[in-house]
1. Where in the range 202-304 are the helices (runs of 4 or more DSSP H), entirely inside, with at least 3 residues that are over 30 Å from ALA114 (Cβ atoms) and of a type in the set (A, V, I, L, M)?
2. Using the structure shown, decide if ALA329 is more than 30 Å from LEU116 (Cα to Cα), surrounded by fewer than 20 Cβ atoms within 10 Å (Cβ to Cβ) and at pLDDT below 95.
3. From THR186, THR148, THR210, which residue is free of Cβ contacts under 8 Å to residues at least 12 places away in the same chain and of a type in the set (Ser, Thr, Tyr)?
4. May I ask you to list the residues in the range 136-159 that are farther than 21 Å from ASN30 by Cβ, in contact with a His (Cβ under 9 Å, 6 or more places away or on another chain) and surrounded by fewer than 22 Cβ atoms within 10 Å (Cβ to Cβ)?
5. Could you tell me which of the residues ARG121, ARG162 is modelled with pLDDT of 95 or more, surrounded by fewer than 21 Cβ atoms within 10 Å (Cβ to Cβ) and within 18 Å of GLN234 (Cβ to Cβ)?
Amino acid sequence: MTVEVKGMKTWSGLAKKRRRPSEYEVVTTNLQTRTRHPDQAYELSPAPDLGMNEFYKRNVSESPLQHPDWEGFRDPDEMIYRVYTRIQDQQEQYVDGLLDEHNEIGHDATLTDAWLDVLERLYTPRRFLQMALQMGAAYLVQIAPASTITACAGFQDGDEFRWLSRCAYRARELQRAHPSRGFGTTERRTWEEEPAWQGFRKLLEKTLATYDWGEHFVALNLVAKPAADEAHRQLGRIGRRFDDGLLGLMADNQMRDSERSRRWSAALVAFSLENEANAAVLSGWIEKWMPLARQAVTAYCGALPEQDDAADAALGAVEAFHRSLGLDA
């Protein structure tokens, strides 16, 4: 005898599409509990005035950036953990290969004193910048109003840790090749005192102290991270002129992660523009944060040797990214 099963079996929240949900949708959508009760996001107390609940309400529910259904956002890459780890494992194997190949030919020992000065001042201290970028992404993981946004921010968090680790690894390699220099020991002081870094320090510290989820997203993903990554691209480009092809290749690989961040960030902007009022909000925040980014990029790129148009090229790329968002349409 055949028994007819009526009604929903599972994933009823995705039923409106009238198709089997994809693996991405199954493992990424509607995973948060914070949005069930706007006044008691964390459900830790019967009292709605619990500090954590008030914080979430003020910085998420009452953010100027509003959408009736943030869970409707989708990552254009439909990235899931299984795929992310496979892709990044391949990328790590590629970088390992670069390092092994350059170690075999004694690459670090051939670097000139002039370029080692640059690496000491403008490359190995970057791990502090990477830590700030990671902390910013981690905050988005904690505060984002939808699990699909949380997933994107989580993978970005992993990307930043990947490059923090690689920067620290290179500092140790350079320390072993040039023990009389300050690699591995002076980076914190350089990060805190070197004029070339102070613009980025200010930009990132202010970003980390911005708690509204929407403004934090704009400050981090639309301004600070693109500015930092484009400045690093310029360092890699100039490195090739000083026979440091390794740094150039690693910078190129890092931009793969940056481009994925820009794809999901642009998609989130496009999704948010379903609420027309968000265009002015997003544009206003970009306008607010770009002066700090310009100062940071100008100071950093101005310290590069043979920097010619490095600052203009980096800022031009950031501004091109902003134009692609369609906020002026």
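1. Values: elements: 213-217, 225-241, 245-272, 277-302.
Fully inside the range 202-304 and qualifying: 245-272, 277-302.
2. Values: more than 30 Å from LEU116 (Cα to Cα): yes; surrounded by fewer than 20 Cβ atoms within 10 Å (Cβ to Cβ): yes; at pLDDT below 95: yes.
Yes, satisfied.
3. Numbers: THR186 fails: free of Cβ contacts under 8 Å to residues at least 12 places away in the same chain; THR148 fails: free of Cβ contacts under 8 Å to residues at least 12 places away in the same chain.
None of the others qualify; the one that does is THR210.
4. TYR139
5. Numbers: ARG162 fails: within 18 Å of GLN234 (Cβ to Cβ).
It is ARG121.
Okay, residues lined up against (1) exposed (fewer than 15 other Cβ atoms within 10 Å of the Cβ); (2) in contact with a helix residue (DSSP H, G or I) (Cβ under 8 Å, 6 or more places away or on another chain):
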| site | (1), (2) |
| --- | --- |
| SER258 | no, yes |
| TRP264 | no, yes |
| THR298 | no, yes |
| GLU306 | yes, yes |
| ASP309 | yes, no |
| GLY316 | yes, no |
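The values are calculated or read from the model by the stated rules, or taken from the named source; none is laboratory data. The structure displayed is predicted, hence computed values, not measured ones. Counting neighbours? That spans all protein chains shown, and the Cβs are built from the backbone with ideal geometry, glycine included.
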